Every structure is written in C-alpha cells, then in structure tokens.
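Below is one structure, written out as structure tokens; comments come after it.
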Amino acid sequence: MDLLLDAMQWPAMVITLVAAWLVGARHASRRTWGFWLFVVSNLLWCVWGWHTQAYALITLQLGLFVLNLRGVMKNKDNDSDNHNDEAA
C-alpha cells in the first residue's frame, strides 16, 4: 500500500499539468474541464500529502480546491453567456 501511495504523486503531477494546459484554453468548456482536473489533482495531492505528513501541502491544496470550484462555476456562467450570445 505504501508503494501505491508513494507513486500517487506522479499521476497527480501529470493531471496538474494537463489541467493547467486546459485552463489556458480559449473555450470555456475546455477551461471548465481544466478546473475539474485541478480538483482531481487537489484530491490526489491531499491523499499523498496525508501519507507523507506534508500538512502545509494539504492546506495549500484545500485552498486551491476552493479556488478551482470557483473557476468551474465562473466558466459555467461564462459558457452559458456565450451560448445566449450565439442564439441572439
């Protein structure tokens, strides 16, 4: 089990990089996917941080989790605004 938890940092890192790429996209739907991937990476980093007793990392990830949920909501609003503009 320790080996699995130790290895969790690698998928967390890859997901974080992919999320950062998507958040920089022009389309709101891709940005939203990026924020959701950030949420997944936040959870993975928290599990890894708990395993390694990296409590500052956990605190950081909890703060980023809240900011990423805000990003999801703001992009959801932005995406619906864009669809309304296209329908007009």
- Leaving ligands, DNA and RNA out of it, report the carbon-plus-sulfur percent of the accessible area of the chain at a 1.4 Å probe. 68
- Message: Output the 0 to 90 degree angle, nearest 10, between the alpha-carbon long axis of helix 9-23 and the longest principal axis computed from the alpha carbons of the chain.
- Response: 20
- Length-normalised contact order of the chain, Cα under 8 Å, at least 6 apart, in percent, tallies to 29
- Quick one: angle between helix 55-87 and the longest Cα principal axis of the chain, in degrees between 0 and 90, rounded to 10, please. 20
- Roughly how many debye, to the nearest 20, is the charge dipole of the chain about its Cα centre, given +1 on each Lys and Arg Cβ, -1 on each Asp and Glu Cβ, and no other charges? 120
- Task: Quick one: angle between helix 28-52 and the longest Cα principal axis of the chain, in degrees between 0 and 90, rounded to 10, please.
- Result: 10
- Query: Which option, (1) -0.60, -1.07; (2) -0.58, -0.97; (3) -0.49, -1.07, is the value of log10 I(q)/I(0) by the Debye sum over Cα atoms at q = 0.15, 0.22 Å⁻¹ that was calculated from these coordinates?
  - Reply: (2)
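The values are calculated or read from the model by the stated rules, or taken from the named source; none is laboratory data. Quantities reported herein were computed from a predicted structural model and do not represent experimental measurements. Here Cβ is always computed from backbone atoms with ideal geometry, including for glycine, and neighbour counts include all displayed protein chains. These area figures cover heavy atoms from the full protein model, side chains too; ligands, DNA and RNA do not enter into them. Shrake-Rupley method; radii C 1.70, N 1.55, O 1.52, S 1.80 Å.
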